Every structure is written in C-alpha cells, then in structure tokens.
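Structure, as structure tokens:
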Amino acid sequence: MGDHTSLLIIGAGPFGLALSAYARAHEIEHTIVGRPMEFWKQHMPKQMLLRSHCDWHLDPLGEHTIEQYLQALELRPKDVEPLSLAFYLDYCNWFIQQKELEIVDAQVESLDRSGESFIATLDNGTTITADRAVIAVGFLYFENIPDSLRALFPSGRFSHTSQTCDFSDLENKSVLIIGGRQSAFEWTALVHEAGAKEIHVSYRHPTPSFEESDWSWVAGAVSSIATEPGWFRKLPSEERDRINQRQWAEGRLKLEPWLAPRITNDKTTLHPESEIVACEEKPNGRMEITLNDGTKFIADHVILATGYKVDVSRIPFLANGNILE
C-alpha cells in the first residue's frame, strides 16, 4: 500500500506548513503533501499587498517569525509593511528551510478510508496510508460565483479574482468589478495600474472606511481557543455575537488605508449600494451594463470579487471516496 505515516497533512500552504512545523517540534511522525504555497503563487497577483502585518507569522512556537526573518535581513517591520506577496513567499521559503520541513511535492488525487486508516493516492502514482489526516487546502476549491451573476454575463466575459492575476489583457479595456471588500478595491487598484481605460466598481453596501484594522484583541481569543478548544462555543450567545460582530467590523467594514490613493483617479468610478440588473452584449462584442439606479456603462470584462464559500464536497480528492459519507 506504499508508505505509512501517523499523521498525513494535505496541503502545503500557510496552515499546512504551520501544522507540519508544530508536529515536528512535538516529534509527531507525519507526512505533508502539497506544492508549497501554490495557491499564493498561482492565484494571487504578483503585485498584491497583504492585509496582515509582520506579527502574522507561520510559527506556532513563535521562533521563526517574520520579525526574526527581518533581523536576518537587517530590516525592520516599517521597511517592509505593507507586506508584498513576494516578501511573504520569501519568508515562507525561509520558514521551510529553518524548520527543515520535508514536503512531498505532489497532489492528492483521492482520499479513502480502509478500516481505521486513511489511504491517499497521489498524482505521482504512489499511495500513503495514515492513522490520521488533516485537510489544509485553503480556498483553492471554494471560489464563490453566484448563480445569478453566472447567468447574467456571457460565457468567457467574466472571471473570479482568483483566476484574474495577470492584468496585461485588460490594458486599454473597460472593466467592471463586482464586490466591495478588500479584494475588490485591491483588484481595482491593480487593474488601473495595469493601464485599464476605465473601471466601474459595483457593490450593494456603503463604501467601507479606509482605516487601519485593530486586531490587537484577537491574540487573547486565539489563546483561549488553543488552551480550551470548546471555549467559544461555551460562551453566552450574546458574547459570541459580540465577538462575531467585531470580527466582521474589523475585517469587512474597513479597507487598508494605503488603498485609498490608488483608487482615487479619473478612470475609476465607485457605485456603492448598487446592483447589476442587466447586461446586453453589443454587436461589437462589448457589454452594456445597467445598474438598479438606471446608470449604464460599457464593459469589456467583468471581475467577480465575490469571495469564497467553503463546501468540502467540492474538494476533488474527496469526490469518489467515502470520507463524506
């Protein structure tokens, strides 16, 4: 049946890498399978900046942090914040090296159960059996494209942000971006900087504020969950609602302040509290977009900044197995 491991970690993104480092530190025999940071490399724009700061590192032991990486480079947090994607990927490579993580560079094609064991078949033809398995695939399979929008726009004329990382084809084009959170506004900035002719941004709510989010309170909550996994569920409903609302407000009702000057220009038009009600394909191949307030404009391409919705049934290596039964 191939190799056997006590713990199989599927996915080599931030969560998989952190878990592998934690398991190694605690001498838990394990195998991590995945292409390191592939989602970040293949589905995020090279020019992207992260919302997280230097204190959002990978190491659950607090040893090989971003700040320690900066010390090795003789840099300070203010020299690199906001963090670029390139810097973050360099840090992840350094983290892998420092932790001496041995990653099986392959993809899991199927995951099944046999008695008390898991059986993973990889795309290189090998199999791994495991006593336990952790799935840490991130958002790769969970892009959210609402059916209403999929039906509204012609096939091939729209794409999700995760599939829109190279903006060279949008130079001198008119672009509609649907969504009003961080990714929508960052893609707006990147599309503008790539030379788009004009950009329209439509979203159903008021424009979020451009101000620094306050995550200082999160460390306490994370510590509580780590020491008592059922901590949050045991809280009174009012307290859970308060925490959920604060999380929402910091993450969804605020945008990074460094975005504001990048979307303030004569080529970008924001349409807060709006919805798309019609899309008519013109003979010249362009699309006439109509908003619910009667506004009309022309677009060559639509980018859906509609986020992600987790649905484990969409993970392909679970499709033919008995894990979800």
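The values are calculated or read from the model by the stated rules, or taken from the named source; none is laboratory data. The structure displayed is predicted, hence computed values, not measured ones. Note: ideal-geometry Cβ built from the backbone for every residue, glycine included; neighbour counts use all protein chains shown. Quick note on the areas: whole protein, heavy atoms, side chains included, nothing else; ligands and nucleic acids left out. Shrake-Rupley method; radii C 1.70, N 1.55, O 1.52, S 1.80 Å.
Condition first: among the small types (Gly, Ala, Ser) and either in a helix (DSSP H, G or I) or open to solvent by 70 Å² or more (accessible area, probe 1.4 Å) (or both). Now tell me which residues in the range 39-89 satisfy that.
Ala72, Ala86 - these are the residues of the range 39-89 that are among the small types (Gly, Ala, Ser) and either in a helix (DSSP H, G or I) or open to solvent by 70 Å² or more (accessible area, probe 1.4 Å) (or both).
Residues of the range 276-311 being without any contact (Cβ under 8 Å) to a residue 60 or more places away in the chain and open to solvent by 70 Å² or more (accessible area, probe 1.4 Å), which ones?
Selection gives Val277, Glu280, Pro283, Asn284, Asn292, Asp293, Lys296.
From the set of residues in the range 4-30 that are open to solvent by 30 Å² or more (accessible area, probe 1.4 Å) and either among the β-branched types (Val, Ile, Thr) or in contact with a Ser or Thr (Cβ under 7 Å, 6 or more places away or on another chain) (or both), which is nearest to Gly115 (Cα to Cα)?
His4
In the range 172-208, what count of residues is obtained for those that are under 17 Å from His271 (Cβ atoms), open to solvent by less than 20 Å² (accessible area, probe 1.4 Å) and either outside any strand (DSSP E or B) or of a type in the set (S, T, N, Q) (or both)?
Number satisfying all stated conditions: 13.
Within the set of pairs 6 or more residues apart or between chains, which connect a residue that is open to solvent by less than 80 Å² (accessible area, probe 1.4 Å) inside the range 209-231 to a residue that is β-branched (Val, Ile, Thr) with Cβ atoms less than 6 Å apart?
Partner pairs satisfying both residue conditions: Trp231/Ile225.
So, restricting to helices (runs of 4 or more DSSP H) that lie completely within the range 218-325, which ones have at least 3 residues that are more than 19 Å from Ile199 (Cα to Cα)?
Passing ranges, in order: 218-227, 231-234, 237-252.
Looking at the range 94-132 only, could you name the residues that are of a type in the set (Asp, Glu), touching a strand residue (DSSP E or B) at 6+ places or on another chain (Cβ under 9 Å) and within 26 Å of Leu58 (Cα to Cα)?
Scanning the range 94-132 gives Glu102, Asp105, Asp131.
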